[in-house]
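Here it is: the structure, laid out below.
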Amino acid sequence: MMHYGILLIPFISAFIGWFTNWIAIKMLFHPREPKKILWITIHGIFPKRQKQFAEKLGKLVSNELLSFKDIEQKITHPGNVQKLMPLIEGHIDQFLRVKLAQQMPVISMFIGDKTINELKTVFTAELEALFPVIMKNYMIGLQEELDLEKIVIEKVAGFSSDKLEQILVSIMAKEFRFVEIIGGVLGFLIGLLQVLITWLQ
């Protein structure tokens with residue numbers, strides 16, 4: 001006759017499965033500093049590999065996620081330039097009708113609406129052609145001055161261990177919880193299998 005205490009095995013196995021996965025997740029971040037226990041040195045994976053993690057992330061951000069070339073293409077795209085033209089045209093109109101009259105009243109006396117509209121058309125067309133060139137040169141200079149990869153590496157490498165854990169847990173909280181639950185479920189199934197094997201013997 002099977003002892004009913006053996007029915008506790010699936011629940012004990014479930015707890016062990018959940019607990020070991022919980023410990024494994026905690027060991028991603030803890031201990032913050034290396035701890036030597038007997039001849040084994042224990043150190044959280046992310047604190048230990050934070051510098052390498054920062055370097056990989058820096059390369060990923062600068063090369064794949066936020067490259068200057070992509071930003072340049074977006075800014076200088078004809079469709080985006082066209083969106084700016086009404087604002088530019090409005091400023092040119094304001095300059096020719098108001099500021100020019102204030103700064104050079106004699107010249108403004110000889111400029112009527114027709115001339116203003118013609119000048120505005122010429123200036124707008126010239127600026128529309130010039131804007132992509134200006135932005136391209138600006139982005140080249142900005143890329144030389146602003147090392148995006150270096151900035152990301154320094155920022156991530158400079159995070160405290162608490163901050164790094166907070167960021168990663170906020171991103172992967174559901175995944176970590178799933179790993180814990182899977183540990184419990186697998187532990188329960190293994191325990192149940194042990195009970196069935198024992199019962200069939």
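In segment 63-116, which residues are at pLDDT 80 or above, part of a helix (DSSP H, G or I), over 30 Å from Tyr138 (Cα atoms) and not basic (Lys, Arg)?
Val98, Gln102, Gln103, Asp113, Thr115, Ile116 - these are the residues of segment 63-116 that are at pLDDT 80 or above, part of a helix (DSSP H, G or I), over 30 Å from Tyr138 (Cα atoms) and not basic (Lys, Arg).
Please go through segment 120-165 and give me each residue that is under 20 Å from Thr76 (Cα atoms), in contact with a helix residue (DSSP H, G or I) (Cβ under 6 Å, 6 or more places away or on another chain) and hydroxyl-bearing (Ser, Thr, Tyr), ordered by number.
Residue satisfying the conditions is Thr124 alone.
Can you tell me how many residues within segment 32-65 are among the hydrophobic types (A, V, I, L, M, F, W, C) and either buried (at least 16 other Cβ atoms within 10 Å of the Cβ) or touching a Gly at 6+ places or on another chain (Cβ under 7 Å) (or both)?
So the answer is 5.
Tell me, please, whether a residue that is exposed (fewer than 13 other Cβ atoms within 10 Å of the Cβ), within 28 Å of Leu146 (Cα to Cα) and either free of Cβ contacts under 8 Å to residues at least 40 places away in the same chain or of a type outside the set (Phe, Trp, Tyr) (or both) can be found in segment 83-90.
The answer is yes; a qualifying residue exists.
Select from segment 165-191 the residues that are acidic (Asp, Glu) and within 11 Å of Pro10 (Cβ to Cβ) and list them in ascending order.
The answer is none; no residue qualifies.
While we're on this one: Return the residues of segment 30-58 that are in a loop (DSSP other than H, G, I, E, B) and among the acidic types (Asp, Glu); say none if nothing qualifies.
Of everything in segment 30-58, just one residue is in a loop (DSSP other than H, G, I, E, B) and among the acidic types (Asp, Glu), namely Glu33.
Which residues, counting only those in segment 9-29, are crowded, with 19+ Cβ neighbours inside 10 Å and either among the hydrophobic types (A, V, I, L, M, F, W, C) or part of a loop (DSSP other than H, G, I, E, B) (or both)?
Scanning segment 9-29 gives Ala14, Trp18.
Under the condition of being among the basic types (Lys, Arg) and farther than 16 Å from Leu164 by Cβ, which residue from segment 28-65 is farthest from the chain's Cα centre (by Cα)?
Restricting to residues being among the basic types (Lys, Arg) and farther than 16 Å from Leu164 by Cβ, the top hit is Lys36.
Could I ask something else about it? Counting only residues that are β-branched (Val, Ile, Thr) and touching a residue at least 60 places away in the same chain (Cβ under 8 Å), which one in segment 66-82 is surrounded by the fewest Cβ atoms within 10 Å (Cβ to Cβ)?
Ranking the candidates gives Ile71 first.
In this structure, does Phe123 turn out to be farther than 20 Å from Lys51 by Cα, surrounded by 11 or more Cβ atoms within 10 Å (Cβ to Cβ), of a type in the set (Phe, Trp, Tyr) and free of Cβ contacts under 8 Å to residues at least 12 places away in the same chain?
No.
Quick check, is Thr41 of a type in the set (S, T, N, Q), within 30 Å of Ile182 (Cα to Cα), at pLDDT 85 or above and out of contact with any Asp or Glu (no Cβ under 9 Å at 6 or more places or on another chain)?
Considered against the rule, which asks whether it is of a type in the set (S, T, N, Q), within 30 Å of Ile182 (Cα to Cα), at pLDDT 85 or above and out of contact with any Asp or Glu (no Cβ under 9 Å at 6 or more places or on another chain), Thr41 comes out as no.
The values are calculated or read from the model by the stated rules, or taken from the named source; none is laboratory data. On a predicted model such as this, the values are computed, not experimentally measured, just so you know. FYI the Cβ positions are ideal-geometry reconstructions off the backbone, even for glycines, and counts take in every protein chain you see.
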